[in-house]
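The values are calculated or read from the model by the stated rules, or taken from the named source; none is laboratory data. Since the structure is predicted, the reported quantities are computational estimates derived from the model, not experimental observations. Here the Cβ is made from the backbone with ideal geometry for all residues, glycine too, and neighbour counts use every protein chain on show. For accessibility, only protein heavy atoms count, side chains too; no ligands or nucleic acids. Shrake-Rupley method; radii C 1.70, N 1.55, O 1.52, S 1.80 Å.
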Amino acid sequence: MPVHYLDNAATTPVRPAALETMVPLLATHYGNPSGAHRMARDANRVLDDAREAMAAALGAAPGEIVFTAGGTEADNLAVTGVVNHVRASTGRPAVPICSAVEHHAVLDPVVHHGGDVVAVTGAGAVDLDELAAALERRAGPGGDGVALVSVMLANNETGVIQPLDRIVELVRTSAPEALVHTDAVQALCWIDVAEAAAEADLLSVSAHKFGGPKGVGALVVRDRPGLASIVLDPLLKGGGQERERRGGTQNVAGIAAMAVAATETVAERPTAVPRVAALRDRLADGIRSRVDGVVETGVPAGTDDRSAKTANLCHLCFEGIESEALLFLLEKDDIMASAASSCASGAMEPSHVLAAMGFDRDLAFGSLRLSLGYDTTDADVDAAIGSVPAAVERLRARGS
Ligand code: PLP
């Protein structure tokens, strides 16, 4: 039986070209890139090439790329690195601000530093009036100051895209001293990140969301022409790698594989987006037309307008069932999916993203995330259209 992998927002299959790059490098380029001899220089050259490729994919300069061990580290480094530096250099208790639908890799450090979490609308977009009010309160006279505002490009549960341009504009006028960070971990396959995040000061990506290996990522830290350079307090202190921004010997082979995956992803994006969007639309329409009592998140009620979402996400909430039981039945049909974000699954709390969008607990407990990827096929979509409505009806009939 073929497996129907519809959990690409959790992680993606490694692209063949990334694998073919990575495995031989483990054997041949094991020199420490910080060393002084020829083998070290060879490894360092691999890093240089990867840095250039990542910079091209993200619309950055090579010197702006900081390699990390994944998206969580990149997000933590952006928030904590900036907050700690601003507090130490200004003596002010400046805070971070983020949206209520951020991944926990942003949300938790923001809360840890005493920052503000800004509400979103029912459609999942940051409430710009609330953001303006938070900026005014914190950056205005008598406020603590704002170190950083972090808003993701695309949400990992719903796929809702944030109005980053308007957010940057608001921050530049209301709190000009604050930096803007965007978590683009879910975005690279589906959005032109170079263009959409051109005005952000910091940007995080993670290789395993676009066909690279797990445990590798990058943070872009912009060198802003004419402005003071952005200084981060490193989270990992040590050998001074990555221009003193991230200590630790780099994962040379993993980073090279990430760069290959990013380059392929960006090159394929113009064809991948319409292809995957058409599959996703067929999937969402197919399920919605076969079962009642379903809400599709990020889509205006009574419509099939998915223009506010990334092409890959079909996120549905079913009345009267529990996601865990649904996932169990789908797995029996070889369909791999998630309830919400995979990091949160297992915990019996409804997703904070759905709660922030105003979903009641019952509906939030019946959520299903089907996320498509670069290699999703018509057969995967057909299988899910065949299984999901039947499984939902079965669970409703038995009352769970
Ligand atoms: N940010 C978002 C939006 C994510 O979806 C994820 C992973 O699910 C992360 C950050 C964390 O990335 P990583 O798994 O590479 O630590």
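Please determine, by comparing only the residues of the range 250-295 that are in a loop (DSSP other than H, G, I, E, B) and in contact with a Pro (Cβ under 7 Å, 6 or more places away or on another chain), which one is surrounded by the fewest Cβ atoms within 10 Å (Cβ to Cβ).
Let us first name the residues in the range 250-295 that are in a loop (DSSP other than H, G, I, E, B), namely 250-251, 289-293.
Narrowing further to those that are in contact with a Pro (Cβ under 7 Å, 6 or more places away or on another chain): 250, 290-291.
Details: GLN250: 23, ARG290: 15, VAL291: 18.
Here the residue is ARG290.
Collect the residues in the range 312-327 that are in a loop (DSSP other than H, G, I, E, B) and either within 25 Å of GLY399 (Cβ to Cβ) or open to solvent by 10 Å² or more (accessible area, probe 1.4 Å) (or both), keeping them in residue-number order.
Kept after step one, since they are in a loop (DSSP other than H, G, I, E, B), are these residues of the range 312-327: 312, 319-322.
Listed by number, the residues that qualify are GLU319, GLY320, ILE321, GLU322.
Please determine, by comparing only the residues of the range 1-19 that are under 30 Å from ALA43 (Cα atoms) and either touching a residue at least 12 places away in the same chain (Cβ under 8 Å) or assigned to a loop (DSSP other than H, G, I, E, B) (or both), which one is farthest from the ligand (Cβ to nearest atom). Break it down stepwise before answering.
Keep residues of the range 1-19 that are under 30 Å from ALA43 (Cα atoms), which gives 11-19.
With the extra rule that they be either touching a residue at least 12 places away in the same chain (Cβ under 8 Å) or assigned to a loop (DSSP other than H, G, I, E, B) (or both), the set shrinks to 11-15, 17-19.
Details: THR11: 7, THR12: 11, PRO13: 15, VAL14: 14, ARG15: 16, ALA17: 20, ALA18: 15, LEU19: 18 Å.
Only one residue fits best here, namely ALA17.
I'm checking my understanding of the structure. Among residues of the range 198-236 that are out of contact with any helix residue (DSSP H, G or I) (no Cβ under 6 Å at 6 or more places or on another chain) and of a type in the set (A, V, I, L, M, F, W, C), which one is nearest to the ligand (Cβ to nearest atom)?
Only one residue tops the list, namely VAL205.
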